[in-house]
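For reference, the structure is listed below as structure tokens.
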Amino acid sequence: MTKITNPPDYRNDTVLPLPKEVTANAWAVDAACSGNPGPMEYKGVDLATGEVIFHYGPIHGTNNIGEFLAIVHALALMQQKGISKTIYSDSYNAIVWVNKKKCKTTLERIPKNEQLYDVILRAENWLKTHKITVPIIQWQTRQWGDIPADFGRKNK
């Protein structure tokens, strides 16, 4: 993995250390979960400015659910604001779930996560009633490093 300066001298479209292959006209999304399940949160970051566009949680859930909800949140917010940007996610599972319009979690539905299941249902319904019109691209962590929306809590 190449060390990228912040911002790299070959970029004038971002304040973040983005590789050449990554468009700055994009949002990156990521989730974090302490335990699995456990307190989960997710956020979206604008790759041109570094601004946190949205943040949700913490709420009892799983990392995969958070990754799924982050993508749907980005899609819905872009549509609401009438903007079109690429979405980057480092979660293969979440991208598959979004494309299938279904959160395929195995998390048992219990009173502790009832609020989360309401959010999942809203996200699935949004996907079933709206067309995805922006690219959703998997962030290549091994090549590019951590996604800019990363919470930075991994044990290294």
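The values are calculated or read from the model by the stated rules, or taken from the named source; none is laboratory data. Small disclaimer: the values here were computed from a predicted structure and weren't measured. Quick reminder, even Gly has a Cβ in these numbers, built from the backbone with ideal geometry, and neighbours come from all protein chains shown.
Among (1) over 13 Å from A123 (Cβ atoms); (2) touching a strand residue (DSSP E or B) at 6+ places or on another chain (Cβ under 6 Å); (3) part of a strand (DSSP E or B); (4) not small (G, A, S), which single condition is T23 missing?
(3)
Conditions tested, residue by residue: (1) within 21 Å of E21 (Cα to Cα); (2) within 10 Å of the chain's Cα centre (by Cα); (3) of a type outside the set (A, V, I, L, M).
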site	(1), (2), (3)
Y56	no, no, yes
E67	no, yes, yes
H73	no, yes, yes
K101	no, no, yes
K104	no, no, yes
R122	no, no, yes
W126	no, no, yes
Q143	yes, no, yes
G152	no, no, yes
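In segment 128-141, what residues are over 16 Å from the mean Cα position of the chain (by Cα) and within 22 Å of I53 (Cβ to Cβ)? Walk me through how you get there before you give the answer.
To start, the set of residues in segment 128-141 that are over 16 Å from the mean Cα position of the chain (by Cα) comprises 128-131, 133.
Those that are over 16 Å from the mean Cα position of the chain (by Cα) and within 22 Å of I53 (Cβ to Cβ): H130, K131, T133.
Please list, ordered by residue number, the helices (runs of 4 or more DSSP H) wholly in segment 71-156 having 3 or more residues that are surrounded by 16 or more Cβ atoms within 10 Å (Cβ to Cβ) and at pLDDT 95 or above. Talk me through it step by step, then tell me what you get.
Numbers: elements: 92-100, 114-129, 141-144.
Because the criterion is at least 3 residues that are surrounded by 16 or more Cβ atoms within 10 Å (Cβ to Cβ) and at pLDDT 95 or above, the helices (runs of 4 or more DSSP H) in segment 71-156 that meet it are 92-100, 114-129.
Taking the condition of a type in the set (S, T, N, Q) and free of Cβ contacts under 8 Å to residues at least 24 places away in the same chain, does N25 pass?
For N25, the condition - of a type in the set (S, T, N, Q) and free of Cβ contacts under 8 Å to residues at least 24 places away in the same chain - is not met.
Looking at segment 10-29, can you tell me whether even one residue there is surrounded by 15 or more Cβ atoms within 10 Å (Cβ to Cβ), small (G, A, S) and in contact with a helix residue (DSSP H, G or I) (Cβ under 7 Å, 6 or more places away or on another chain)?
Looking through segment 10-29, none of the residues is surrounded by 15 or more Cβ atoms within 10 Å (Cβ to Cβ), small (G, A, S) and in contact with a helix residue (DSSP H, G or I) (Cβ under 7 Å, 6 or more places away or on another chain).
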